[in-house]
Every structure is written in C-alpha cells, then in structure tokens.
Amino acid sequence: MIIAIHQPQYLPWLGYIDKIDRADIFVLLDTVQYKKNDWINRNKIKTAEGSQWLTVPVSYNHPETINNVKIDNKTGWGKKHLNALITNYSKADHFGEHLDFFKDLYSKEWEYLVKLNIAIIYYLIKAFDIRTEVVLSSDFELNEEPTERLIDICKQLKGDTYLAGSHGQHYMNTIRFSEENIEVLFQDFEHPEYNQLFGDFLPNMSSIDLLFNHSSRGIEIIRKSHKSYL
C-alpha cells in the first residue's frame, strides 16, 4: 500500500498529479502551517505573453494551519480567475468540457482556502480518471514532529510504502521509516512535453493547462514520462 502526502495546492502542477496517480492513498496535509507566497494559494497558467500567476487572496494570522486560512473575498478574485481561463484557454481543444465546473467553482464565495483547493483537486482526479483514494490529515490524531507525523499517517492507513517528493531526502529521517518497516520511495518526476497553445512549450504550468489541451488523455502523457524512483 503506497501512501503519498502533500499540502493541498491551488490548481496544482503536473508533478502533484503524478504523485497522486502513483499512490494508493493520497493524504492532503491540511494541518501544517500555512506558508505565504507558496503554492497553497497560487499557481501559473500559460498565456500568449508567457506565464501568468493566478493568486487567491487570503487573510490569515501567522502562524496558522492551512485548514484555518480564510479567503479575502473583497477583491472579486474569482471573476478575475475565470476570465483569465476563458481569455487564455477558450481555443484549447477541451476547454468547453470543463468550463461549467470552473464557472460554478468561481461563482461561489469560498470562506476557507482549503475547501476551494480540495474541490479543485477532487475534480482534477475525476477529470484525469485517477482512481487513488484521497483523505485529509485533519481526520487523524497525529504527532507534530514532521517525520513522526508522516510515519503516523502511514501506520494508521496500513501503508507499507511512503512516496516522498524528490527533495524529501534532504529533510526526512529515513532511518525512522526503516525502524517502522515502511519503505521510502522518492518521486523522480520528469516533466513531459505536450501540445499547448501559444507557440513553444512552457513547462511547470498548472495541470489545468494539460487538462484543457488534452482532457482525460492527459494522464497517459504523464504516465509515459515516468522514470524509476530515486
């Protein structure tokens, strides 16, 4: 049983989708401290001029956990984000298939950032036809020490393998995983190229760029780029 764990990102990139797809259970780590100017409330889309940030404005008190961060709805950000998608992706082959979801998403006044992000992540999983189970870390009683928290999650979910990001080897205590008989694999994601709008390929965009251009077939593009684990 492979367990992967990550903070709930906004419009996550392809490496995030790959991590979900490789796991049997994916845990949204919503109980750790929110980081300002990270990927939790922003991501990038492709435009005719290059990349463009889409940022959800938030109101929070440091330190505050991700699941307690509120959205600042005074700026009309939802309308701006929807208009950005329509402006830059209306000519994408599969944009129309997903437009209703994003219209509905951005018509709502979301109170908490985590609720918005989870709604998007669940939609992306369904749209890419991924079968991974998703759970929230807030549903568990967990140790607050970073490595022990990951081990706690794996043990409570009866996972024998933990799939970490490639940078996890720089901060994780892998010996502790071995002591608990949990194998650690490190994701080695190689970004695929695919047909995009606006000329030369631009990597590291939100996964909606792949979705709008290739729809559910996008997951096969990700899978074909798989390398062995680090």
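The values are calculated or read from the model by the stated rules, or taken from the named source; none is laboratory data. None of these values were measured; they are calculated from a predicted model. Ideal geometry is used to build each Cβ from the backbone, glycine not excepted, and the neighbour counts take in all protein chains shown.
Being closer than 23 Å to residue 195 by Cβ, modelled with pLDDT of 95 or more and either among the basic types (Lys, Arg) or in a helix (DSSP H, G or I) (or both) is a property that residue 106 lacks. Exactly one residue among 112, 122, 162 is surrounded by 17 or more Cβ atoms within 10 Å (Cβ to Cβ) and hydroxyl-bearing (Ser, Thr, Tyr), and that residue is 162. Taking first residues from region 166-191 that are touching a residue at least 24 places away in the same chain (Cβ under 8 Å) and partners that are among the small types (Gly, Ala, Ser) and surrounded by fewer than 16 Cβ atoms within 10 Å (Cβ to Cβ), the Cβ contacts under 9 Å between residues at least 6 apart in sequence or on separate chains come to 186/166; 187/166; 188/166; 188/228; 189/166; 189/225; 190/225; 191/225. Selection of first residues in region 97-113 that are under 23 Å from residue 128 (Cα atoms) and of second residues that are of a type in the set (S, T, N, Q), restricted to Cβ pairs under 8 Å at least 6 apart or on distinct chains, gives the following pairs, ordered by first then second residue: 97/215; 98/215; 113/41.
Per-residue answers, yes or no, for (1) more than 18 Å from the chain's Cα centre (by Cα); (2) modelled with pLDDT of 95 or more:
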| residue | (1), (2) |
| --- | --- |
| 55 | no, yes |
| 60 | yes, no |
| 83 | yes, yes |
| 90 | yes, yes |
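Of the residues making up region 187-204, none is surrounded by fewer than 19 Cβ atoms within 10 Å (Cβ to Cβ), at pLDDT 95 or above and outside any loop (DSSP other than H, G, I, E, B). If you go through region 168-186 and keep only what is among the β-branched types (Val, Ile, Thr) and either within 15 Å of residue 221 (Cβ to Cβ) or exposed (fewer than 12 other Cβ atoms within 10 Å of the Cβ) (or both), you end up with just 175. The sole residue among 204, 181, 213 that is of a type outside the set (Ser, Thr, Tyr) and over 24 Å from residue 10 (Cβ atoms) is 181. All of (1) in contact with a Pro (Cβ under 8 Å, 6 or more places away or on another chain); (2) part of a loop (DSSP other than H, G, I, E, B) hold for residue 62 with one exception: (1). For residue 118, the conditions (1) in contact with a helix residue (DSSP H, G or I) (Cβ under 8 Å, 6 or more places away or on another chain); (2) of a type in the set (Val, Ile, Thr); (3) modelled with pLDDT of 95 or more all hold with the exception of (1).
For the criterion of being in contact with a helix residue (DSSP H, G or I) (Cβ under 7 Å, 6 or more places away or on another chain), of a type in the set (A, V, I, L, M) and in contact (Cβ under 8 Å) with a residue 24 or more places away in the chain, residue 125 passes.
Residue count for region 71-99, restricted to those that are farther than 11 Å from residue 208 by Cβ and assigned to a loop (DSSP other than H, G, I, E, B): 5. A Cβ distance below 7 Å, combined with a sequence gap of six or more or placement on separate chains, defines the contacts here; from region 129-154, residues that are in a loop (DSSP other than H, G, I, E, B) reach residues that are basic (Lys, Arg) in the pairs 142/149; 143/149.
Return the residue satisfying two criteria in turn: it lies in region 2-44 and is of a type in the set (S, T, N, Q) and part of a loop (DSSP other than H, G, I, E, B), and of such residues it is surrounded by the fewest Cβ atoms within 10 Å (Cβ to Cβ). Checking each candidate, the answer is 37.
Within region 161-186, being touching an Asp or Glu at 6+ places or on another chain (Cβ under 9 Å) and assigned to a helix (DSSP H, G or I) holds for 166, 176, 177.
Could you please find all residues in region 60-79 being loosely packed, with under 13 Cβ neighbours inside 10 Å, charged (D, E, K, R) and touching a residue at least 24 places away in the same chain (Cβ under 8 Å)? Matches in region 60-79: 79 only.
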